[in-house]
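Heads up: the structure comes next, in C-alpha cells.
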Amino acid sequence: MMEKIQTIERFIFDQQPETAHGEFTNLLYDIALVAKLIAHKTNRAGLVDILGRAGAVNIQGEIQQKLDVFADEMIVRICDHSGRLCVMASEEREEIIPIPAKYKKGSYVLVFDPLDGSSNIDVNVSIGTIFGIYRCTDWDLRGRLEDVLQPPRDLVAAGYILFGASTLMVYSTGQGVHGFTLDLELGEFLLSHQDMCLPEPPAFYSTNHAYFQRWSPGVQNYTRWLQGQGDMDAPTLSSRYIGSLVADFHRNLLRGGVFYYPAEHDKPNGKIRLLYEAGPLAFLIHQAGGYASDGFRSILDIVPTDLHQRVPLFIGNESLVRKAESFIRQD
Ligand code: AHG
Ligand code: MN
Ligand code: MN
C-alpha cells in the first residue's frame, strides 16, 4: 500500500489554527524556500577547487563569496520584503537587521545562524542553518533590539536545515518536532520524521575532548562519568563529535545523547551563541522531551543582554543534562 506523501507546505497548513491569517505559515514557507536555495549552493561547494576558492578571484574577476556570507544574504533577501517580519538578527552581522522602510512590516522576529559548522564547509562534512522565530514586542513600532533580546522560552518556532547526505528541515511550532527530507527530483520537502522524540537509553555523548584541560573539575568529572568511570549509575555511551553543532544535535536527537560545549578557563561562556544556536535548539530539545542547560539553569530562561552573547551549553536527554548540573554544582 502506498503511504501518504505529505509536503512541508501541506503539513504547515494543516497545523495552523483556524483563526490564523497565514502570516506565520508563509514565513515558514519562506524558510523552506531559503533552505532549497542554500542546499543548491552547498551541494556545489565541492566545485570550489575547479571554480576558485572562497576569497579567490574567479574567471570573471569577481571575488568568490564564502558560503556563510552567501547563506546570510540569501535569508535576508528572501525575508526582508515579505511583510512578515519586523526585524532580523544574524550571527554574521554585528547589528540587528531592520526591515527597510519601503517595505511593509510584519509581526515576527527572525534570528538565525546562516551556516553553522563553517570549519566543515571546505572538507565536505555536514553543515546547517539554525533559526528561531519570536513575536515582536510592540506592534506599533518598527523592529528594535528589544524584539530580538527575548528569552528562548518565548520562541514561537525554531528549527534547522541540515545539509548532509541529504537535506533535511526540522522544525517545531510548539506542537512536537517534525522533520522533512528534500526530494531533489521533486524540489519538495517531504515529511520523513513525524513527532521526533529523544530515545531512551541514549547512545552518545558529544564534546571536544581536546579541551579537557581547560574545563572545571566538575565538567571533567562529568566527562569521566559519561565514560563509565565511577558510580553504579554510569551510562553506557559511545562518543561522536562532528564539530557542526547542528549535525551533532541532529544525530543525538535521533539516537539519544548529550552534546556539551562547556565554559573554559579563559572562555567563561564557552563558544555557542545563545540567540542563534543554543536558544532555538533548546526550544527543539524540550519539544522532543529533552532538556538544555548552561550548567545551572534552563537555557530557555536566559534573557539575552547582548546580540552575540555566548553561553555554556549542555543539551540532550534530560537525565544526562541534569547529571551535568549536579557535577557542576559540586565544583
Ligand atoms: P559557526 O560555524 O556557526 O561559527 O559555529 C561553529 C560552532 C558549532 O557549530 C560547533 O559545535 C563548534 O563551533 C565547534 O567548535 P570547536 O571546533 O571548538 O569544537
Ligand atoms: Mn554556529
Ligand atoms: Mn555560523
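The values are calculated or read from the model by the stated rules, or taken from the named source; none is laboratory data. Just so we're clear, the structure is a prediction, and the values are computed from it rather than from any experiment. Cβ placement follows ideal geometry from the backbone for every residue including glycine, while neighbour counts extend to all protein chains displayed.
Considering Phe296, Phe314, which residue is among the hydrophobic types (A, V, I, L, M, F, W, C) and either touching a strand residue (DSSP E or B) at 6+ places or on another chain (Cβ under 8 Å) or in the same structural domain as Val109 (by TED's automatic domain parsing) (or both)?
Numbers: Phe296 fails: either touching a strand residue (DSSP E or B) at 6+ places or on another chain (Cβ under 8 Å) or in the same structural domain as Val109 (by TED's automatic domain parsing) (or both).
Matching residue, one of Phe296, Phe314: Phe314.
Mind checking whether some residue in the range 271-290 is part of a loop (DSSP other than H, G, I, E, B), surrounded by fewer than 20 Cβ atoms within 10 Å (Cβ to Cβ) and within 16 Å of ligand 1 (Cβ to nearest atom)? Looking through the range 271-290, at least one residue is part of a loop (DSSP other than H, G, I, E, B), surrounded by fewer than 20 Cβ atoms within 10 Å (Cβ to Cβ) and within 16 Å of ligand 1 (Cβ to nearest atom).
Among the conditions (1) within 16 Å of ligand 2 (Cβ to nearest atom); (2) out of contact with any Pro (no Cβ under 6 Å at 6 or more places or on another chain), the only one that Ala158 does not satisfy is (2). Residues that are at pLDDT 95 or above, within 20 Å of Ser126 (Cα to Cα) and part of a helix (DSSP H, G or I) do not occur anywhere in the range 79-89.
Looking only at residues of the range 232-270 that are buried (at least 23 other Cβ atoms within 10 Å of the Cβ) and hydrophobic (A, V, I, L, M, F, W, C), we find that the one that is nearest to Met196 (Cα to Cα) is Leu253.
Residues checked against (1) surrounded by fewer than 17 Cβ atoms within 10 Å (Cβ to Cβ); (2) touching a residue at least 60 places away in the same chain (Cβ under 8 Å):
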position: Ser126; (1), (2): no, yes
position: Trp139; (1), (2): yes, no
position: Arg144; (1), (2): yes, no
position: Phe163; (1), (2): no, yes
position: Leu190; (1), (2): yes, yes
position: Met196; (1), (2): no, yes
position: Pro199; (1), (2): yes, no
position: Val219; (1), (2): no, yes
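Within the range 304-317, the set of residues being over 23 Å from Pro98 (Cα atoms) and either small (Gly, Ala, Ser) or surrounded by fewer than 18 Cβ atoms within 10 Å (Cβ to Cβ) (or both) comprises Gly316 only.
Determine whether the range 295-315 contains at least one residue that is away from ligand 3 (no atom under 16 Å from the Cβ) and among the acidic types (Asp, Glu). Yes. Annotation note: Cβ proximity below 9 Å between a residue of the range 229-242 that is touching a residue at least 40 places away in the same chain (Cβ under 8 Å) and of a type in the set (A, V, I, L, M, F, W, C) and a residue that is within 16 Å of ligand 1 (Cβ to nearest atom) and in a loop (DSSP other than H, G, I, E, B) (sequence gap 6+ or interchain) occurs for Ile242/Gly117; Ile242/Val125; Ile242/Ser126.
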